[in-house]
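The values are calculated or read from the model by the stated rules, or taken from the named source; none is laboratory data. It should be emphasised that the depicted structure is a prediction, and the values quoted were computed from it without experimental measurement. Here Cβ is always computed from backbone atoms with ideal geometry, including for glycine, and neighbour counts include all displayed protein chains. Note: accessible area is taken over every heavy atom of the protein model, side chains too, but ligands, DNA and RNA are not part of it. Shrake-Rupley method; radii C 1.70, N 1.55, O 1.52, S 1.80 Å.
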Amino acid sequence: MSQMNAAEGGGRAFRSRRLVLVCLVGLAMGLAVGCSRERALPPAQQALLQADEAGVLRLGVYGDPLGLTPGLALGEFGRLVTNLVHAGPLKRGPDGGFLPDLFASFVPTQDEQGNLIVEGAWRTGLRWHDGTPFAARDFEFTLQILAASETNSPYADLARRVTAVQTLDRGRRTRVVFAGNSVQFLDLLTVGVLPSHLLEGQKLEEARLPVTFQRVATPSPPPAEAGSGTTDARLPFAQFPVGLGPYRVVARERAQFVELEAWPGQVASGPAATLPEGRSVPPFQRILVRCHPRVEGLVEDFRAGRLDWMSVPPEIASRLEELRIPDVRFVRTPNPACLVWGFNTRRPPLDRLPVRQALSRVVDRPRLLNTLAVDGVIMAGPPGGERLTASAAAAPEGGPSPADLLTQAGLTDADGDGWRDLDNKPFTLSILTNQMNLGRKAVADRLAADLKTVGIKATVEILSWSDLIGKRLRPGQFDTFLIGLSVPHDRSWTNLWHSSPPVGESLNFTGFTSPALDQALEAWDRVPPGASPTSRLAEVRDILAAQVPVAWLVQTRDVMAFRTRLEGVDPTRLMAEQDLLTWSKGGPASGLASGAVPPAGTLPTPAPAPAVPAPAPDSGSGVGGSSTGPGDGPAAPAPVSSPLPASAPPSADAPVGSGAAVVPAPPGP
């Protein structure tokens, strides 16, 4: 599948220290100036923002969710909203395993050739947000459009590994057959299903809804058709999607808000997707995502009690905590984004383990973290293992010094000029990183300064993301590279470290190979896994820590702030993977008093769907959630492992890869 995107998402990448200064000055001044520059919300949404009711959830984000089309690249906040609007046959559980979603139950098996087969029974009463009944044909259409070359989906490679889709029992059951066996195939089944009756014959990236869907908020005139001078009044599907999830989009204005409403068909015909145990309806009747182009406005809305939850820009998290806002809790959750310094293990002297060990040890990680000005932790090795304290990172205990390791490996100052030579010839180490990220440039300069302390001359080369990956890393034309990698501790790392991944493209730019590592990764990637994911992770982590194909530098953290009245926030899960269906607000009973909230937007309330025959009794032997193998994300799945390219502007949550196996993810430092 297409594993990489040209933009880094989440709006959490490095911002300059100037932004931090501006934010802090704004806080000190009460943020009056910053807020005055933000456009006021329309009256209906302003009323929602002021409605501190149990049935209204108000979320604040710095940026905009942008596109909400499942199967395409999504931003971090886009994934959060997409998980509510769309639903797939399966979804990820809090432990990383797979649970049924649109499937009522599913059974993964293998055929005689070892190919994965997934058979599932669809839930009854499924209806799209326009009232059209769901059909198994919609799922087949979704796989076809994701596999199409013109779609440019990060799931394309996985969708092309589907060899058969069989509709059984008059559309009540579906069997999917894959070429091979990989947990990444189950991740494909977490992608939100697309409505064939609305998208048939259109390109997914350019798809629009029929004119019967009215525009709710018009931030700008509809776009003109190229060369025609006319405008297209149809709503773009990416902005106003129609899904099967528990919430539908009823109003939206870019860089202002997204308003969601609990899908009205859920009470009558049952939930379109799985709800937590004990819930028969979604916990909130309305969800308002307030989008702030200025961080000052985001903070002011939260301080004034107009938000229940906010994504905190990590640059100001600590200072915001110091304000001691009453009845507010701050939570830091681990993020898979890791800043790494990778070594070309095919090129001397980096093919020598002592050299890689020396380079990793010479790095002053605490100073790097300060250089980045992000909320993060210093890494001792791959994610999921030990993290270093600042003192330990600055002065590792035990073993030879970096200088001694380099000397033992043959890097010595042969001519007495103060710089180390290789084979009696001058030696210079290059560090490659990408444009559009001032933080990485500053870190690369810091690495060059650290190398100077042990007599290694280093140069820093800044390239476009496409040139860095396509012209230098893939063909192996480099010494070292500095990039962000998305490496979740509970997902397969096969594409990142396997010498020749059986599924998807290889992102093992370092060229490091190890038969033991390949075997552990293959066992980790099978369904069911060849051993427990925890034991495989430990095995893989130990090999990488010992062989040092990269120096692990810093891992970022998500920072959330929310009212203590808000219950159910999971401090162990990423912001984009939070299950809002488990949240609730204490106080009055859930649900809104009559007239407390303005009516839904102008999207039509669907007529009751035609009766759908009850499915035949499930003759299968399995139940949902039988898979425990690691892999990829939620409804717009979170990434497994991938490089993180150039950073996005702070005012827009740039596209982030969504998908299985190896996909771009929330940004690295």
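The figures follow:
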item	result
q = 0.14, 0.19 Å⁻¹: log10 I(q)/I(0) that the Debye formula gives for the stretch 56-214, counting C-alpha atoms only	-0.74, -1.35
Cα-based reach from Lys441 at 25 Å (exclusive), listing lysines while leaving out same-chain residues under 8 positions away	Lys452, Lys457, Lys471
Relative pair counts by distance (%), Cα atoms of the stretch 459-499, 10 Å bins	23, 48, 26, 3
Loop trypsin sites (Lys or Arg not before Pro), the stretch 303-383 (other Cβ atoms within 10 Å of the site Cβ: 11 or fewer; DSSP)	Arg324
Gyration tensor (alpha-carbon) shape descriptor, the stretch 44-148, a/c threshold 1.5	prolate
Given charges at beta-carbon only (K, R positive; D, E negative), |dipole| of the stretch 306-375 in Debye	480 debye
Solvent-accessible heavy-atom area per residue, rounded to whole Å², over the stretch 126-175 at 1.4 Å	39 Å²
Accessible surface of the stretch 394-553 [probe 1.4 Å, protein heavy atoms]: carbon and sulfur percent	51 percent
Charge dipole of the stretch 64-163 about the Cα centre (unit charges at C-beta), most positive-ward option of Phe134, Gln144, Leu74	Phe134
Phi-based couplings in Hz for the stretch 438-444 (Karplus 6.51, -1.76, 1.60; Gly and Pro marked x)	5, x, 5, 4, 5, 5, 4
Cβ charges +1 (Lys, Arg) and -1 (Asp, Glu), total dipole of the stretch 402-538, debye	420 debye
Diffusion constant of the stretch 364-518 at 20 °C, which comes from Stokes-Einstein with the Kirkwood Cα-pair radius and 1.002 mPa s, µm²/s	121 µm²/s
Cβ charges +1 (Lys, Arg) and -1 (Asp, Glu), total dipole of the stretch 39-145, debye	340 debye
Accessible carbon and sulfur surface of the stretch 47-194 relative to its total accessible area, %, 1.4 Å	47 percent
